[in-house]
Amino acid sequence: MKVETLNCPNCGAGVASDSTVCEFCRTRLKSVACPKCLGLMFAGGKFCDHCGAEAVIAQVGNEENLGVCPRCKTGLKHLKIDSIALRECESCGGLWSEPSVFEKICTDQENQSAAVSFFGERPQAGSKPVPINYVPCPQCKQLMNRSNFARSSGVIVDICKEHGVWFDVGQLPKIIEFIKSGGLDRVRRREKAELEEERRKIAGERRELEMQEFRSGSSQTSGLSIGGGSFIKALLDL
């Protein structure tokens, strides 16, 4: 990341863009990308220092009973980016999303742009690899299931079916990138094709069974009576 001098959104002092805390007022700092020019700015600033565009509004809170990070075991903090309400671990950068919020991110392009603007398109270079293991849900404490998002994205997330989804650092931007590149549409088309193929297979097996029943009974009938018309119906269904 290119280091620049930016202004603290709280006190206005000049601070290096890679700083995590303002040395003057001790405000927590996080570098984000401007949604218009992609220049660096600090989260919490109202306007981009480079182009003057209105910034993505992000708020961090310390509400109680938000659970603990399943990786670090530290308390999660409330993070609101425009209309997206998440929980964040400040230690490892992991995120917790309720199912309804994740659905909003997947289906709304404005929410996707806001998240990418805040978190960046990819994890920063030098990020430590996350250990592969099962972790507990921050709410019910039960071990979550690990799942390849959309079965083809390559992003393995931790899911509690009742309470939400855990994203390790960098995973949410990767999922958004997958969605914006048409990944979900490709999955829907493939699943539709698989469903149609399964239906054709079942219909073929049904017709074959009815044909066998018809043939087995042909020696005992004139050939005009064909099981109450079921075989004719199968032919009409072709």
Subject >> Length added when fully stretched, residue 24-residue 133, from 0.36 nm per residue minus Cα-Cα >> reply: 35.2 nm
Subject >> Too-long pairs where the Cα-Cα distance tops 28 Å, listed order kept, from 46/73; 77/104; 161/201; 46/141 >> reply: 46/73; 161/201; 46/141
**OP:** Counting other beta carbons within 10 Å of each Cβ, put 214, 119, 47 in order, fewest first.
**Re:** 47, 214, 119
**OP:** Can you put 175, 159, 81, 132 in order of Cβ neighbours within 10 angstrom, beginning with the fewest?
**Re:** 132, 159, 81, 175
Original post:
Which order, highest average first, do 14-23, 82-91, 162-171 follow once you tally other Cβ atoms within 10 Å for each residue and take the mean per peptide?
Top reply: 162-171, 82-91, 14-23
**OP:** Would you calculate the separation in nanometres between label points at residue 78 and residue 91, each defined as 7 Å from the Cα along the Cα-to-beta-carbon direction?
**Re:** 2.2
Subject >> Gain upon complete extension [residue 106, residue 199; 0.36 nm per residue less C-alpha separation] >> reply: 30.6 nm
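Readers should treat all values here as calculations from the given coordinates under stated rules, not as data from a laboratory. Note that the structure is predicted; figures quoted are calculated from it, not measured. Heads up, the Cβs are rebuilt from the backbone with ideal geometry, glycines too, and the neighbour counts pull from every protein chain shown.
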